[in-house]
Structures are given as structure tokens and as C-alpha cells.
Amino acid sequence: MTDLPLAGVTVVSLEQAVAAPYATRQLADLGARVIKIERPDAGDFARGYDETVHGQSSYFVWLNRSKESLTLDVKDPEGLRVLEELLAEADVFVQNLGPGATRRMGLSAEDLASTHPSLIVCDISGYGADGPWQSRKAYDLLVQAESGLLSVTGFPEGVAKAGISVADIAAGSFAFSGILTALYTRATTGTARAVSVSLFEALTEWMGSPAYYTRYGGNSPQRTGARHATIAPYGPFTAGDGGVLLLAVQNQREWATLCTEILCSPELVDDPRFAKNSDRVTNRDELERIITKGVARFTVEELAATLEASSIANARMNTMDELWAHPVLSERNRWRDVETPSGAIAAMLPPASLEGVEARMDPVPALGEHSAAILAELGRSPSDIERLRSTSVI
């Protein structure tokens, strides 16, 4: 076991909701010290999204393990002074407050570049820190709409949102990689470069395939439910016992195998209606009728085993309960216990595993749990800390 890669890196984050907390949690997983600044009255508003995890928010416990919580009213001059003291010792400053908030506090990337030249500043915004929409509010579902994701998600008769906060997660992922790149750049060149990420541009990047398909193909991919819009067959099929399995054919070899070994219809391999993928997409309805009839002789268990033996990709349509019990996660020992203020919860190890390194999986903090300790580090006396608490600065 080696030291965690980011041990010794201090991150101060004015964060809320999903995007910034997701980025900083990944930094904490790798050993960075993450000081999470929260409002004294209620903290990160994601704490109140729901009460499902031992009375705590499912969002919050997912995104905030291994962090320290400091309550601080940064609109109060004394609170702002504490924040500035923290930034003087920090390596990274992350923020996803409302448009223009840090600029009004004198904490924009430009402001901090002159006063803290070694500090890496990461700004996460909705539509960018400049440009025509810099002041526009951006929530996840709104960005799904603006980026075109909703236009290709759902069924022909209606759109459907992604079931997770995909714009926030995309932005948090790009912020994480951007911060790592900036840390590497600072270590190798001595220059601290600011990082900026917008939810809209992060999700637009993820929309690359349908965007190119539309721009150069002339038609937007259609909404096809659980089916792939531009590859066929690729989607759910019902076995003879009513069980549903997804199968995916990605190339001509797999198509030939499906026809001969699963459907027992070798004549379909070169049928001009289905000869290549674009033909199969054009004639999807007829193709799916043939496949549905062909797999009706199997139970879903038999179908899964036969497809697997034939090296044709397939998957169950798992529920969340089935995901928790998934053999890949349990047999690969991917679960750990993480403490929270209301009891231990299961948490999955970070997806990127580094050989010889066990990710940090420390507790989820209570609101303001570390305020006194952090302020003491900054030289505040117990009486001064109590005064700040009594005046709601912390």
C-alpha cells in the first residue's frame, strides 16, 4: 500500500448540489484534504433533497465522504476573511455558486491570480463565465433540454429526462480531470492555470455522436426508448417466459452468429433488408419481429446463457435492488462501509483503481463538524471561535 496520490493537496470548495461536490469528492478519494464551505443556517442545500439514507439525503452522502465541513457566512466580512486565510494555504479553490458570486466577493480567478499565484481556481458554471448566457441559471434538467439530450431520449411519442443528474455529473467529471491536469502542470512548470467548466458544454461534449450524426447525416437520431437509435439490433427483447433481456450486435460477425446460432435462420445473414447495420436500422421493426419470434423458444435464463456462449453481448434490465446485489461488485470486493452522522452506509470504491492504492473512504461530515478545528488551525482562540458561532459567522 502506498500513500494516497493527492496526500498533501488542500482543496477549499464553495460548493453545493452535485457538480462541484462530485469533482471534490473524487479529489478526496485520492487523498486530498477537502474543506467544504457551507452556509451556517442549512449548509449545502443538497443536504435537504431527501431523507432516505438514515434520515439523510441520498445525494449528500454519495457526494461528500472524506470531506471536512466548515460553516461560514462568506457574505460577512469576518467570514470572508477566514475564507481568504484558507485560500492562502490552499492548492485548489473550487466553486459552483450562482453567476458572478465569487467575482462580487473579489474571489474570481482573475482576482486570485494576482494575490495567490500558486492557487488553482476551478469555476463551474451553467453556461460559461462569459458569453451571452453567463448570468442565466442552469439546473440539470434545463441543461439536458438545451443540449439536445431530451430530443433524443425517450419514445417517439414523448421525451424523457435521463434518470440521473447527467449534466452535473459530466461537469464534475471534467472539473476533476481539469484540476488534475492543472496540478500536474503546476508541478512540472510552476504555473497555476485556472480551470473552467460549464454544465452546458460538458453535456454538449457528451452529445458528440448524435450531433455529428445530425449535422452530416441530415437527420436527427429518433427517440427509440431503450433501443439504440443508430445500431440494430440493440435493445430489449422478451423471451418465452416473459423475461426481458437486452442484446447488442455491433458488427457483422455478431450478426451472422445471431442469425445462425440463436435464430437458426442463416438465410438472414445476407438478406438485403439486414445486410449491414444501416439496413437493419431502416428495417428495425421487421427485424425485431423476427428476433422476438426467434427468442420465444428460450426462457430468459436460457437466452442469456446461449447469447453468452455465442459471444453476443447481453444484459439484464436490473432494478436498483439488483444493482446492490450485483455479483460483479460483490465478488470484486467493490463495497466499503462509510460512516455518516446517522450510521454507516455501503459505498462503492471509485471506478478508477490504482494498483497498490486503496481509495480513501472516510466519513460523511455533519454540518459544521470541523469548523472549530479548522479555525483553531488558523490561530483562532476558543473564545473567538465561540464569538463567531454566536454571531452566526460560522
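The values are calculated or read from the model by the stated rules, or taken from the named source; none is laboratory data. These numbers were taken from a predicted model, which means no experiment stands behind them. Please note: Cβ atoms are built from the backbone with ideal geometry, for glycine as well, and neighbour counts cover all protein chains shown.
Looking at this structure, is ARG104 surrounded by fewer than 16 Cβ atoms within 10 Å (Cβ to Cβ) and basic (Lys, Arg)? Show your work before the answer.
Working: surrounded by fewer than 16 Cβ atoms within 10 Å (Cβ to Cβ): yes; basic (Lys, Arg): yes.
Taking the combined requirement at face value, the residue satisfies it.
In this structure, is VAL159 within 24 Å of the chain's Cα centre (by Cα) and at pLDDT 95 or above? Even if it seems obvious, please write down each step before you answer.
Details: within 24 Å of the chain's Cα centre (by Cα): yes; at pLDDT 95 or above: no.
No; evaluated as a whole, the condition is false for this residue.
Can you pull out the residues in the stretch 332-386 that are assigned to a loop (DSSP other than H, G, I, E, B), more than 26 Å from ALA90 (Cβ to Cβ) and either of a type in the set (Gly, Ala, Ser) or in contact with a His (Cβ under 8 Å, 6 or more places away or on another chain) (or both)? So that I can check it myself, show each step before the final result.
Pass one, the stretch 332-386, residues assigned to a loop (DSSP other than H, G, I, E, B): 332-334, 339-344, 349-370, 378-381.
Now drop any that are not more than 26 Å from ALA90 (Cβ to Cβ), which leaves 332-334, 342-344, 349, 351, 353, 355-356.
Across the stretch 332-386, the qualifying residues are SER342, GLY343, ALA344, SER353, GLY356.
Check the stretch 10-17 and report whether any residue there is farther than 22 Å from LEU203 by Cα and free of Cβ contacts under 8 Å to residues at least 12 places away in the same chain.
Filtering the stretch 10-17 down to residues farther than 22 Å from LEU203 by Cα leaves 10-14.
Filter once more, so that each one left must be free of Cβ contacts under 8 Å to residues at least 12 places away in the same chain: none.
Checking the stretch 10-17: not a single residue is farther than 22 Å from LEU203 by Cα and free of Cβ contacts under 8 Å to residues at least 12 places away in the same chain.
Could you list, in sequence order, all residues of the stretch 171-187 that are aromatic (Phe, Trp, Tyr) and within 15 Å of the chain's Cα centre (by Cα)? Please lay out each step first, then the result.
Going residue by residue through the stretch 171-187, those that are aromatic (Phe, Trp, Tyr) are 174, 176, 184.
Those that are aromatic (Phe, Trp, Tyr) and within 15 Å of the chain's Cα centre (by Cα): PHE174, PHE176.
Which residue pairs have Cβ atoms under 6 Å apart, sit 6 or more places apart or on different chains, and have a first residue in the stretch 243-263 that is surrounded by fewer than 18 Cβ atoms within 10 Å (Cβ to Cβ) and a second that is of a type in the set (Phe, Trp, Tyr)?
Here the result reads ALA248/TYR234, each pair linking the stretch 243-263 to a residue that is of a type in the set (Phe, Trp, Tyr).
Output the residue which, of all residues in the stretch 134-146 that are more than 15 Å from ILE164 (Cβ to Cβ) and in contact (Cβ under 8 Å) with a residue 40 or more places away in the chain, is farthest from the chain's Cα centre (by Cα).
Filtering the stretch 134-146 for residues more than 15 Å from ILE164 (Cβ to Cβ) gives 134-138, 142, 145-146.
After this cut, where a residue has to be in contact (Cβ under 8 Å) with a residue 40 or more places away in the chain as well, the list is 138, 146.
On the way: ALA138: 16, GLU146: 19 Å.
It comes out as GLU146.
Please work out which residue is surrounded by the fewest Cβ atoms within 10 Å (Cβ to Cβ), limiting yourself to the stretch 182-212 and to residues that are in contact with a strand residue (DSSP E or B) (Cβ under 8 Å, 6 or more places away or on another chain) and among the hydroxyl-bearing types (Ser, Thr, Tyr). I'd like the intermediate steps shown before the answer.
Of the stretch 182-212, the ones in contact with a strand residue (DSSP E or B) (Cβ under 8 Å, 6 or more places away or on another chain) are 182-183, 186, 192-199.
Pick out the ones that are also among the hydroxyl-bearing types (Ser, Thr, Tyr) and you get 196, 198.
Numbers: SER196: 17, SER198: 24.
The selected residue is SER196.
With the condition kept exactly as written, say whether any residue in the stretch 125-146 is crowded, with 21+ Cβ neighbours inside 10 Å and among the polar types (S, T, N, Q).
yes
Quick one: count up the residues across the stretch 192-229 that are more than 17 Å from ALA160 (Cβ to Cβ), in contact with a helix residue (DSSP H, G or I) (Cβ under 6 Å, 6 or more places away or on another chain) and not in a helix (DSSP H, G or I). So that I can check it myself, show each step before the final result.
Taking the stretch 192-229 as the starting set, the residues that turn out to be more than 17 Å from ALA160 (Cβ to Cβ) are 192-202, 204-205, 208-209, 211-219.
Filter once more, so that each one left must be in contact with a helix residue (DSSP H, G or I) (Cβ under 6 Å, 6 or more places away or on another chain): 192-195, 197, 199-200, 202.
After this cut, where a residue has to be not in a helix (DSSP H, G or I) as well, the list is 192-195, 197.
Counting residues in the stretch 192-229 that are more than 17 Å from ALA160 (Cβ to Cβ), in contact with a helix residue (DSSP H, G or I) (Cβ under 6 Å, 6 or more places away or on another chain) and not in a helix (DSSP H, G or I) gives 5.
Only one of PHE45, PHE60 is of a type in the set (Phe, Trp, Tyr) and crowded, with 21+ Cβ neighbours inside 10 Å; which? Write out each step before concluding.
Values: PHE45 fails: crowded, with 21+ Cβ neighbours inside 10 Å.
Testing whether each residue is of a type in the set (Phe, Trp, Tyr) and crowded, with 21+ Cβ neighbours inside 10 Å leaves just PHE60.
I'd like the residue in the stretch 293-310 that is surrounded by fewer than 13 Cβ atoms within 10 Å (Cβ to Cβ) and within 36 Å of the chain's Cα centre (by Cα) and, out of all such residues, is nearest to ALA232 (Cα to Cα).
In this case the residue turns out to be GLU308.
Answer yes or no as to whether GLY379 is buried (at least 16 other Cβ atoms within 10 Å of the Cβ), within 29 Å of ARG81 (Cβ to Cβ) and assigned by TED's automatic domain parsing to the domain that holds TRP62.
no
When you go through (1) without any contact (Cβ under 8 Å) to a residue 40 or more places away in the chain; (2) crowded, with 16+ Cβ neighbours inside 10 Å; (3) hydrophobic (A, V, I, L, M, F, W, C) one by one for ALA88, which number turns out not to apply?
(2)
Determine whether the stretch 365-374 contains at least one residue that is within 21 Å of the chain's Cα centre (by Cα), touching a residue at least 24 places away in the same chain (Cβ under 8 Å) and buried (at least 17 other Cβ atoms within 10 Å of the Cβ). If you could, list the steps in order and put the result at the bottom.
Just the residues of the stretch 365-374 that are within 21 Å of the chain's Cα centre (by Cα), to begin with: 365.
Among the residues that remain, those that are also touching a residue at least 24 places away in the same chain (Cβ under 8 Å) are: 365.
Next, from what is left, pick out any that are buried (at least 17 other Cβ atoms within 10 Å of the Cβ): 365.
Taking every residue of the stretch 365-374 in turn, at least one turns out to be within 21 Å of the chain's Cα centre (by Cα), touching a residue at least 24 places away in the same chain (Cβ under 8 Å) and buried (at least 17 other Cβ atoms within 10 Å of the Cβ).
State whether the residues of the stretch 45-67 include one that is of a type in the set (Asp, Glu), in a strand (DSSP E or B) and either more than 18 Å from THR102 (Cβ to Cβ) or out of contact with any Gly (no Cβ under 7 Å at 6 or more places or on another chain) (or both). Even if it seems obvious, please write down each step before you answer.
From the stretch 45-67, those of a type in the set (Asp, Glu) are 50-51; that's our starting set.
Cutting the leftovers down to in a strand (DSSP E or B) gives us none.
The answer is no; no qualifying residue exists.
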